Amino acid sequence: MEDTHEKLRKRGNQLILCGPHTQQFFALDNAGSLDAVGRDKVCADMEGALARARELLKK
């Protein structure tokens, strides 16, 4: 995931995670991946992810 995030970042895009299950969330957190992506880009559901994407597009 971090490789994908880096490739997207280099192209000026951003990665938004939508609805990670609890176990995966904690694994990503322990690995430091959530900090790399940005905790503000981890959303509980699709509605939240789309809202976040709209916010990022306005910037």
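Laboratory data are not the source of any read-out in this text; all were calculated from the coordinates shown. Treat the numbers as computed from the prediction; the structure is a model and nothing was measured. Cβ placement follows ideal geometry from the backbone for every residue including glycine, while neighbour counts extend to all protein chains displayed.
Take 46, 1 and order them by how many other Cβ atoms sit within 10 Å, fewest up front.
Numbers: 46 10, 1 13.
Lowest count first: 46, 1.
In the range 2-58, how does Rg compare with the Kirkwood Rh, expressed as the Rg/Rh ratio over alpha carbon atoms? Provide the component values of the computation, followed by the final result.
Working: Rg = 11.3 Å, Rh = 11.7 Å.
That ratio is 0.96, to two decimals.
A straight chain from residue 13 to residue 46 at 0.36 nm per residue would run longer than the Cα-Cα distance by 10.1 nm.
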